[in-house]
Structures are given as C-alpha cells and as structure tokens.
Amino acid sequence: MTKPGIKYRMAGIGEILWDLLPDGKQLGGSPMNVVYHCQAAGIKSVVVSAVGSDPLGNEIIEKVRRIGNSTEYIQICTDRPTGTVSVLLNQGIPDFTIHKNVAWDQIKWNDSLKELAGNLDAVAFGSLSQRDEISRTTIKKFLSHMRPDSIRVFDINLRQDYHSKKLVSEALEMATILKINDEEMPVLSAYQNLEGSVYDQIKEIIGLYKLDLVAFTKGGMGSILYSHELISEMPATKVKIQDTVGAGDTFTGVLIAGLLQGKPLEEIHQEAANLAAWVCTKEGGTPPYKA
C-alpha cells in the first residue's frame with residue numbers, strides 16, 4: 001500500500017503535448033490521457049513530463065490544472081519547445097505526425113522523482129517517450145525505483161519509427177502488464193518471432209516476460225484481457241465516432257484504476273470498454289466527464 005502522507009497512487013511518465021486536430025488543439029500525450037482517466041475513475045494520479053518555457057507550455061500547465069490534475073511533476077525545459085502532434089482524421093481515425101526535439105524528450109531524473117517512484121502503486125509508460133536517451137534513462141530509473149509489488153503498465157504505443165526491438169524488449173522486462181492494439185501486435189510479433197494465433201502470441205509473450213496480464217484492444221472489433229487465471233473477451237460498444245484519439249489510453253487508465261480498486265477482471269473490462277467507447281464520441285483524449 002502507499003505510505004502515509006504520499007499524495008499519489010499512480011503516475012503516467014512520458015510525453016505531454018498538444019494534439020493539433022483539424023478543429024483546434026487538444027491536450028494529449030498517452031501518459032497524460034491515462035492519468036486523466038485513471039484519476040476520473042477514483043485513483044489519485046499524476047503526470048511526469050516536461051513542457052517548454054513558451055506560450056504552449058504555459059497553456060498546458062493551465063489546462064492540466066483546470067481539468068483537475070496536478071502539475072507538480074511537469075518540468076520546464078528552457079532549450080526545447082513544448083511538444084506538438086499534427087493530427088489528420090480519416091472517418092475519425094487519427095494519423096499522427098509527432099514532431100521531434102521537444103521538451104518531453106528531456107525529462108530529467110531528480111530526487112523528487114526517486115521519492116515519487118518508490119511510493120506509487122502503479123505507473124503507465126510507453127515506447128514513444130523513450131526515443132531520446134535523456135527521457136529513456138529517466139524512465140528506466142523511475143521504474144527501477146518502484147516497489148516490486150507495483151503495477152507497471154507498458155502501453156506500447158508504437159509511433160512512426162520511434163521504436164526498436166531492443167527498446168521494446170527492455171521495456172517489457174520492466175513491465176508487469178502489456179497494453180497493445182491490433183496494429184501494434186504484428187510489429188511486436190515480428191520483433192519477438194511470435195507465431196500462431198493472437199492467443200498463442202499473447203500466451204508466449206506473457207511467458208517470455210513473466211507478465212501478469214496482456215490487454216489487447218482491437219478498435220471496433222472489441223478487446224481481450226488475458227491473464228494467468230482468466231481470458232476475458234468483450235465486444236466493442238457501438239457508438240457514433242467523433243474521433244478515436246485517446247481511446248486506448250482511456251482503456252488503460254480505467255484498467256489500472258480497477259486493478260488498484262480490487263475489482264473483478266470482467267467488471268474492469270466492461271468499464272474500460274464502455275469508457276473507451278464514450279471517449280470516441282468526443283473530441284480529443286481528455287474530454288470533460290461533466291458538461
């Protein structure tokens with residue numbers, strides 16, 4: 001359990017940015033999205049990232065506070081701009097162009113992160129935020145300072161060419177849970193020489209990396225939670241899609257919250273699927289829960 005006096009139970013570490021959508025910019029970055037939805041599900045959560053010392057960075061700080069999340073661990077980077085992603089939508093499905101050499105590539109390790117890591121119950125991290133050595137080193141140190149019984153979710157989040165077999169394998173070694181979608185699974189299968197059905201591949205990856213759970217999402221085709229004790233399959237909730245930005249992150253956030261709250265896996269799965277579908281009816285990855 002979290003030590004008395006520690007404010008947070010879960011953190012998302014990595015990118016925070018503006019998604020530049022056709023109708024305007026929206027707060028984004030997978031770790032930020034996961035934190036937002038995990039906190040909405042009842043778990044005190046915080047994002048660990050960096051923004052530039054610029055107007056876009058100031059806007060992110062203001063926005064994070066406005067939506068009820070803490071900016072305590074958002075660093076200010078003076079020599080890199082705030083991260084942005086250009087997003088084109090094709091029938092609601094996003095095509096991302098992620099810009100390089102930005103603030104979240106420069107997350108610095110420090111004593112406050114060491115203290116935070118040692119007192120958390122869960123963390124979410126991905127591969128994109130490890131494209132630069134500085135943030136990659138910080139994320140590895142952060143994970144190494146977490147308790148052995150903590151939940152460490154590798155939300156693989158393969159983007160552009162910002163990943164490699166070595167990076168993915170090292171991240172899986174540090175994880176207890178893998179979150180992956182149907183577009184990412186073939187890449188992972190090629191990296192790890194996995195064969196057979198999706199179920200065979202999931203079972204093999206669990207064995208290879210001693211994972212507790214794999215969450216496999218398939219967009220409109222539903223999702224699978226595969227653990228040692230249970231395989232839960234869930235159809236996708238049918239909704240009118242605005243865009244699918246942040247849907248997978250919502251699933252991850254609700255999953256982490258449910259696990260920390262000790263809910264049955266089937267109940268967690270239903271809640272995660274429902275909330276991910278709801279986010280698809282809204283614009284961006286962090287829509288307000290109340291009008």
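The values are calculated or read from the model by the stated rules, or taken from the named source; none is laboratory data. Everything numeric here is computed off the predicted structure, so don't read it as measured data. Cβ sites come from the backbone with ideal geometry, for glycine too, and all protein chains shown count toward neighbours.
Here's the yes/no breakdown for (1) in contact with a Lys or Arg (Cβ under 8 Å, 6 or more places away or on another chain); (2) at pLDDT 95 or above; (3) not polar (S, T, N, Q):
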site	(1), (2), (3)
G68	no, no, yes
I76	no, yes, yes
V102	yes, yes, yes
F125	yes, yes, yes
E133	no, yes, yes
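Could you grab the pairs with beta carbons closer than 7 Å, sequence gap of 6+ or different chains, first residue in the range 71-86 and acidic (D, E), second one outside any loop (DSSP other than H, G, I, E, B)?
E72/V46
Looking only at the range 254-288, which residues are among the charged types (D, E, K, R), out of contact with any strand residue (DSSP E or B) (no Cβ under 6 Å at 6 or more places or on another chain) and over 21 Å from G24 (Cβ atoms)?
K263, E267, E271
Looking only at the range 210-253, which residues are farther than 15 Å from A124 by Cβ, β-branched (V, I, T) and touching a strand residue (DSSP E or B) at 6+ places or on another chain (Cβ under 9 Å)?
I224, I231, I241, T244, V245
Taking P81, is it surrounded by 16 or more Cβ atoms within 10 Å (Cβ to Cβ), farther than 26 Å from A247 by Cβ and out of contact with any Cys (no Cβ under 7 Å at 6 or more places or on another chain)?
In short, yes.
Let me confirm something: among G14, G24, G28, which residue is of a type in the set (G, A, S), on the phi > 0 side of the Ramachandran plot and at pLDDT below 95?
G24
Could you tell me whether the range 32-41 includes any residue that is hydrophobic (A, V, I, L, M, F, W, C) and out of contact with any strand residue (DSSP E or B) (no Cβ under 8 Å at 6 or more places or on another chain)?
For the range 32-41, residues hydrophobic (A, V, I, L, M, F, W, C) and out of contact with any strand residue (DSSP E or B) (no Cβ under 8 Å at 6 or more places or on another chain): present.
Could you tell me which of the residues G248, G222 is under 19 Å from the mean Cα position of the chain (by Cα), more than 24 Å from A11 (Cβ to Cβ) and touching a residue at least 40 places away in the same chain (Cβ under 8 Å)? Full working, then the answer.
Numbers: G248 fails: more than 24 Å from A11 (Cβ to Cβ).
Being under 19 Å from the mean Cα position of the chain (by Cα), more than 24 Å from A11 (Cβ to Cβ) and touching a residue at least 40 places away in the same chain (Cβ under 8 Å) holds for just one of G248, G222, which is G222.
So how many residues does the range 19-40 have that are in a helix (DSSP H, G or I) and buried (at least 24 other Cβ atoms within 10 Å of the Cβ)?
Number satisfying all stated conditions: 9.
Please find, within the range 193-205, the residue that is surrounded by the most Cβ atoms within 10 Å (Cβ to Cβ) out of those that are touching a residue at least 24 places away in the same chain (Cβ under 8 Å) and closer than 21 Å to A171 by Cβ.
Filtering first and then ranking leaves I202.
Among the residues of the range 46-90 satisfying the criterion of being of a type in the set (D, E) and either within 18 Å of the chain's Cα centre (by Cα) or not in a helix (DSSP H, G or I) (or both), which is farthest from V102 (Cα to Cα)?
E72
If a residue has to be farther than 15 Å from T281 by Cα and surrounded by 15 or more Cβ atoms within 10 Å (Cβ to Cβ) to count, how many in the range 223-252 make the cut?
Residues flagged as farther than 15 Å from T281 by Cα and surrounded by 15 or more Cβ atoms within 10 Å (Cβ to Cβ) within the range 223-252 amount to 8.
Please enumerate the residues belonging to the range 96-136 that are crowded, with 18+ Cβ neighbours inside 10 Å and hydroxyl-bearing (S, T, Y).
S127, S129, S135
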